[in-house]
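Note sheet for the following structure.
The values are calculated or read from the model by the stated rules, or taken from the named source; none is laboratory data. Everything numeric in this text was worked out from a predicted model, so none of it was measured. Ideal geometry is used to build each Cβ from the backbone, glycine not excepted, and the neighbour counts take in all protein chains shown. SASA here: full protein model, heavy atoms, side chains in, ligands and nucleic acids out. Shrake-Rupley method; radii C 1.70, N 1.55, O 1.52, S 1.80 Å.
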Amino acid sequence: MAEEDVWPEVGELVVATVKRIVPYGAYVELDEYGGKEGLIHISEISSSWVRNIRHFVREGQKVVLQVLRVDKAKGHIDLSLRRVSKSERRRRMLEYKRERKAESVIITAAERLGMAPEELFDMVGDKLLEVYDTLYEGMIAVIKKGPEMLEKLGVPPDIAKVVADVASKKVRIPMVKISGTLTLTCYKPDGVKSIKEALISAEKSASRGVEVRVYTVGPPKYKIEVKAENYKKAERALSRAVEKALAVIKARGGSGSFERD
């Protein structure tokens, strides 16, 4: 479907670029709808009194807006800035940036292959969108499963390999972080060495795709942080790291405890 035939839905959150400011509002271009123009009326700029629109938006700024009305016949789209919460703005902008990053994979891979980006999108992007909700989610799956995943979707091996290689360099798998505090004591002559070994064992417990970092808060307390691709994996890794540290310190004649943040 051509971009001119695609319109946003009422209630949808869209990303737009402010193009010009007028006394009664601001005109924007919808980034994801072929640059269609929309208007934020001054009454939809802010819940508070708007004396100067430029105190809230400026030309060239990217904003997240809620679609209020769509008149396809007249080509009018009415939008609201004030009805979008901070959390909605952060979430929607993150989604937007991730999709642009995923699209950049297609563009770069197409350049390597000597293809038009549109052609590669038809060959790879459309297939990923048949399985995943967003192109970004599809690219994350490609990174995790490798080019074979694309081949199963019918993408030729040589093209799948290039796309997977570009994706691994351009897209970072999102990580979650959890932490807690270890309290370790050892009054043996080599107690300091034993505590150090316990902390090292915690860091070395990290498995593939997991980061474990330990640092001193102030003896006898030590912060342990774990990063992983999801909370379930992170919790397992944290438990494993804590168990390793406590086992080592107890074996050396010391004691320890752990408190989750």
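Descriptive notes on the structure:
- Entries in K127/K152; K145/K204; K177/K232; K101/K144; K144/K170 that, when Cα-Cα distance is taken, lie over 22 Å: K145/K204
- For region 1-90, a crude dipole built from +1 on the beta carbon of Lys and Arg and -1 on the beta carbon of Asp and Glu, taken about the Cα centre, is about 640 debye to the nearest 20.
- Over region 184-261, relative contact order from alpha-carbon pairs under 8 Å, at least 6 apart, %: 40 percent
- Per residue accessible area in Å² of region 145-249, where ligands, DNA and RNA are left out and the probe is 1.4 Å: 57 Å²
- For the chain, adding -39500 (n - 2.57) for each run of n ≥ 4 DSSP H residues and dividing by the number of residues yields -12500 deg cm²/dmol at 222 nm.
- Full extension of the segment from R172 to M93, taken as 0.36 nm per residue of separation minus the current Cα-Cα distance, would add 26.8 nm.
- Modelled FRET efficiency - R0 22 Å, T216 with S239, Cβ distances, 0.05 increments: 0.55
- Applying 1/(1 + (r/R0)^6) with R0 = 22 Å to the Cβ-Cβ distance of R54 and R83 gives a FRET efficiency near 0.65.
- Apportionment of accessible area to carbon and sulfur, the chain, percent (1.4 Å): 50 percent
- Taking N as the residue count of region 34-164, its C-alpha radius of gyration divided by 2.2 N^0.38 Å amounts to 1.38.
- One Cα centroid belongs to region 205-250, the other to region 13-67; the line between them spans 46 Å.
- The aspartates and glutamates whose alpha-carbon is closer than 16 Å to the alpha-carbon of K250, local same-chain residues fewer than 8 away aside, are D190, E197.
- Kirkwood Rh in Å, taken over the chain so that all alpha-carbon pairs contribute: 22.4 Å
- Percentage relative contact order, region 36-143, counting C-alpha pairs under 8 Å, at least six apart: 21 percent
- The stretch between I42 and E148 holds 33.0 nm of extra length on full extension. This uses 0.36 nm per residue minus the Cα-Cα distance.
- Gain upon complete extension [R112, K193; 0.36 nm per residue less C-alpha separation]: 23.9 nm
- For V176, nonlocal amide neighbours, meaning residues 5 or more places apart or on other chains whose placed amide H falls under 5 Å from its own, are A228, E229, N230.
- Cβ-Cβ FRET estimate between R69 and I200, R0 fixed at 51 Å, reported to 0.05: 0.25
- Mean separation of Cα contacts under 8 Å, 6 or more apart, over the residue count of the chain: relative contact order %: 13 percent
- Heavy-atom accessible area per residue - region 31-113, 1.4 Å, Å²: 61 Å²
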